[in-house]
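Take a look at the structure below.
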Amino acid sequence: MPIETNQYFFGNSLVNFSEGGSQTNLPYWLNQLTLEAGGTYNVNGGFGFLRQFADRLEPANEWGFQGIAGQWDDDSERFADQAFSQVIITPGNFIQDLAPTANYPDGNISPVGATESILATVLTDQPNAQIFIYQGWSDLAAFSETFPPSESSIERYYDYNQEDYHTWFIDYVDTLNASTPDANITLIPVAPVLASLLEDGGPLAAINTTDLFTDSAPHGTETTYFLASLITYQATNGEPAPASFDVPANIHPLVVENYTELLDYIEVQTTNYMDMVVSTPELGPETPAEETPEEPIVAPESAPTPDVAPEPAPLPAPEAEVVSPSEPELAPEDTPQPETPQEAERAPALEQPPVSDTNLEPPAETETETETETETWRGQELEQGVTVADMMAAEALYCTPEQIAEAEAFYAAEQSADLGFPTVPMSTFYAQESPYNDSEEDESAPLSASLKAIVTDIL
């Protein structure tokens, strides 16, 4: 029976990296794969993070993709008027330092609490939709101060995606299924399966980091989103992507040459990681509710050994890249709300993967806010409630690595006693294009006010 998929994404740039081009997103590839299988595919979605999604009165309809017709016209229809077959929720990839039930450090709600608010809307407006959690790959900046990272840093990163990071998502989904059993949520384990493909000894270990990621966020290339779509297709359809699909030449040659073997590998790995999640219990007359286990299953310390591990083929010279036509009038990406602060302006490269947060207790809530010391960043004081980590997260989303490097060099320079700020001249490109720049006429002005305003507006 042909697959007929109509999806809505509560998403972020790990689903749709609109700045990367028309093919650095999941929906483009999911549409191509579904059409090859003889089915139909429609998609709508909006940008944000969990707290933003929870605060909206109605989900946003902001996305458009090359070759795909979205079902929802929000000019004349409401979210509840649609009949989405699948709703997919995407948490941030840098909130895993605390347990999913712990409140955000700067708020009075947890990731689980925010998601429960989203689910209340979804279950009311889309009662027949399957609900999924999309587990995008984790933040790379926590493992390396520079990009590209060293080999040891990227290996620790891949280990973390298969272990502590995945354990956080297991706890998150298990808790949601226990508190909202009608949702019957399924996990799409993109992060651990992708890491198992790319780690040392994996079938795609020979692919360079720079062929997969463009920065430390990390935003992906066409190859990365294509691999993520294969995992998502398997998880949402219960079967591998069609083996007959003709993988285009702009995907890494190692993926093209081993495509059918990779489908077998992804089927096994995806199923294994999905099986770690506790499904919503169906209570029979002889099984009282109080006997339902409340403790979530904890992931094993290492990823399951794959049944299929094809040896990488010799890397041929890549064919000329296929340039896709410009995407017609894509809705711009909303400024996402950073979801967790960090204590230092630039965290040093970790010697070990971050400690699992499953044993951390939620921070105690207080009735009144306590006074805290004002933080500064890029030479200016931050508004109350805005942290250095907020600024760093916004910077990673809105600036290129080159712009960030120039800003760091600028503020590392000695200050002028007369002017009160560094006087290193900025490049013409940086002065004109950077979101930091407050005045197109003054190329040496402090660079943080505009970005501070962006984050302050969000919070």
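Here is how the numbers come out for the structure above:
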item: Subset tally (residues that are touching a Gly at 6+ places or on another chain (Cβ under 6 Å) and either among the charged types (D, E, K, R) or within 15 Å of residue 185 (Cα to Cα) (or both)) for region 65-105; result: 1
item: Only one of 8, 41 that is buried (at least 24 other Cβ atoms within 10 Å of the Cβ), in a strand (DSSP E or B) and of a type outside the set (Gly, Ala, Ser); result: 8
item: Residues that are surrounded by 15 or more Cβ atoms within 10 Å (Cβ to Cβ), among the aliphatic types (A, V, I, L, M) and out of contact with any helix residue (DSSP H, G or I) (no Cβ under 7 Å at 6 or more places or on another chain), drawn from region 56-97; result: 60, 88
item: Selection within region 11-27 - buried (at least 24 other Cβ atoms within 10 Å of the Cβ) and either over 14 Å from the mean Cα position of the chain (by Cα) or part of a strand (DSSP E or B) (or both); result: 11, 16, 25, 27
item: Enumeration of residues in region 121-138 that are surrounded by fewer than 18 Cβ atoms within 10 Å (Cβ to Cβ) and in contact (Cβ under 8 Å) with a residue 12 or more places away in the chain; result: 123, 124, 128, 130
item: Selection status of residue 210, open to solvent by 30 Å² or more (accessible area, probe 1.4 Å), in a helix (DSSP H, G or I), among the polar types (S, T, N, Q) and out of contact with any Gly (no Cβ under 8 Å at 6 or more places or on another chain); result: yes
item: Residue under evaluation residue 210, criteria (1) modelled with pLDDT of 95 or more; (2) of a type in the set (Ser, Thr, Tyr); (3) more than 20 Å from residue 93 (Cβ to Cβ), criterion not met; result: (3)
item: Of all residues in region 157-184 being open to solvent by 20 Å² or more (accessible area, probe 1.4 Å) and among the acidic types (Asp, Glu), the one that is nearest to residue 273 (Cα to Cα); result: 163
item: All helices (runs of 4 or more DSSP H) inside region 111-184 with 2 or more residues being out of contact with any helix residue (DSSP H, G or I) (no Cβ under 7 Å at 6 or more places or on another chain) and closer than 17 Å to residue 85 by Cα; result: 111-125
item: One residue from 263, 197, 204, 227 being out of contact with any Cys (no Cβ under 6 Å at 6 or more places or on another chain), in contact (Cβ under 8 Å) with a residue 60 or more places away in the chain, open to solvent by less than 30 Å² (accessible area, probe 1.4 Å) and in a helix (DSSP H, G or I); result: 197
item: Where a residue in region 100-117 is charged (D, E, K, R) and its partner, wherever it lies, is surrounded by fewer than 18 Cβ atoms within 10 Å (Cβ to Cβ), with Cβ under 9 Å and at least six apart; result: 106/385; 106/459; 116/179
item: Residue list for region 56-86, filter: in contact with a Pro (Cβ under 9 Å, 6 or more places away or on another chain) and either β-branched (Val, Ile, Thr) or outside any loop (DSSP other than H, G, I, E, B) (or both); result: 65, 68, 79
item: Candidate set from region 44-55 (those that are outside any loop (DSSP other than H, G, I, E, B) and out of contact with any Gly (no Cβ under 6 Å at 6 or more places or on another chain)); member that is most open to solvent (accessible area, probe 1.4 Å); result: 55
item: Residue check, residue 101 of a type outside the set (Phe, Trp, Tyr) and in a helix (DSSP H, G or I); result: no
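The values are calculated or read from the model by the stated rules, or taken from the named source; none is laboratory data. Computed from a predicted model, the values in this text were never measured in an experiment. Neighbour counts run over all protein chains shown; Cβ positions are idealised from the backbone, glycine included. Note: areas computed on protein heavy atoms with side chains; ligands, DNA, RNA excluded. Shrake-Rupley method; radii C 1.70, N 1.55, O 1.52, S 1.80 Å.
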